[in-house]
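All remarks here apply to the structure that follows.
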């Protein structure tokens, strides 16, 4: 295997931990595409050490396949669904990883001793990926990333600095309450969270509840899933909505409406130039993105008092969090002003 000449003698690793997938990559510190090698696996939830075990196994395989020694790793950047204590490397109060408390730092350090490990909330990692790999110069200092997938997360760069907070969870936007009188319960335990309406999990659970209630016709959706409700995911709900299924149309309309609410609040709080969206929900971007763009171009005042941001789709889609983890390791090593 031929590698592009390195600026620094060494490599960085990146890890993206999501509710459905764990992605791991290695690359030279210049983040040259030729040198970017990656693998992924389903997120195991058998016990609280399943995730750290998977990460170590995949990273060791990547190193072996590319003939890289452990001591050539300069750092490991780990972006995880949160909340996450970025100092201790412990996930807490988590809604989508199988366990409320998940230790990451200690078991990974046992496998990779003396290698700096930098932890970051996956939404914050995503915005760093956007910042390095695709944001335009006039966006870089005030840009937001939103991931809409198993859950909803976000990352914010404001006035040229990554917003972190006391433990690294300053942009846990998915658990902002968008409907305070809601009876819709989020996996976190609260009611009316944005994630409960607009994430893949939220869409699925609300659809199952709607079928159980039987108030809205769902015949077209039931036909798609062959009357097996265990087959329902956001994908089938959006597919049925395209065909005019009444329940599915209601669920999709709510998903989009509350995303408008969430984006409006984000713009009010952070006054951003652009908002990039990514995550598995963007597989149905044709139903979501045009409505968001139209809303904030033609009638932004309904949701935001500040001048509206540009609404964009990350071109890296599900990979932006992994690229963000690599970027975070790079920025920490180089002491980039964005993260210090």
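Observations on the structure shown:
- Positions within the stretch 239-248 being surrounded by fewer than 22 Cβ atoms within 10 Å (Cβ to Cβ) and within 25 Å of the chain's Cα centre (by Cα), in sequence order: 239
- Residue check for residue 260: closer than 30 Å to residue 29 by Cβ and either buried (at least 17 other Cβ atoms within 10 Å of the Cβ) or outside the structural domain of residue 172 (by TED's automatic domain parsing) (or both): no
- Filter result for residue 301 (assigned by TED's automatic domain parsing to the domain that holds residue 141 and out of contact with any strand residue (DSSP E or B) (no Cβ under 9 Å at 6 or more places or on another chain)): yes
- Scanning the stretch 34-55 for residues that are in a helix (DSSP H, G or I) and buried (at least 17 other Cβ atoms within 10 Å of the Cβ) gives 35, 50, 51, 52, 54, 55.
- Among the conditions (1) buried (at least 17 other Cβ atoms within 10 Å of the Cβ); (2) within 20 Å of residue 174 (Cα to Cα), residue 285 misses just one, which is (1).
- As for the stretch 217-227, it holds no residue that is touching a helix residue (DSSP H, G or I) at 6+ places or on another chain (Cβ under 7 Å) and in contact (Cβ under 8 Å) with a residue 40 or more places away in the chain.
- Unmet requirement for residue 82, which otherwise passes all of (1) over 18 Å from residue 327 (Cα atoms); (2) modelled with pLDDT of 95 or more: (2)
- Complete set of residues in the stretch 265-276 that are in a helix (DSSP H, G or I) and under 19 Å from the mean Cα position of the chain (by Cα): 265, 266, 267, 270
- Taken over the stretch 61-102, the criterion of being surrounded by fewer than 17 Cβ atoms within 10 Å (Cβ to Cβ), more than 25 Å from the chain's Cα centre (by Cα) and in a helix (DSSP H, G or I) is satisfied by 64, 65, 70, 71, 72.
- Options 196, 190; residue that is touching a helix residue (DSSP H, G or I) at 6+ places or on another chain (Cβ under 7 Å) and surrounded by fewer than 17 Cβ atoms within 10 Å (Cβ to Cβ): 190
- Residues that are over 23 Å from residue 255 (Cα atoms) number at least 2 in the following helices (runs of 4 or more DSSP H) confined to the stretch 103-218: 105-111, 122-133.
- Residues of the stretch 277-332 satisfying the condition of being closer than 30 Å to residue 59 by Cβ, assigned to a loop (DSSP other than H, G, I, E, B) and without any contact (Cβ under 8 Å) to a residue 40 or more places away in the chain: none
- Selected residue (only one of 205, 164 is surrounded by fewer than 24 Cβ atoms within 10 Å (Cβ to Cβ), without any contact (Cβ under 8 Å) to a residue 40 or more places away in the chain, in contact with a helix residue (DSSP H, G or I) (Cβ under 9 Å, 6 or more places away or on another chain) and farther than 20 Å from residue 51 by Cα): 205
The values are calculated or read from the model by the stated rules, or taken from the named source; none is laboratory data. In this text the structure is predicted, and so the values were computed from the model without any measurement. Here the Cβ is made from the backbone with ideal geometry for all residues, glycine too, and neighbour counts use every protein chain on show.
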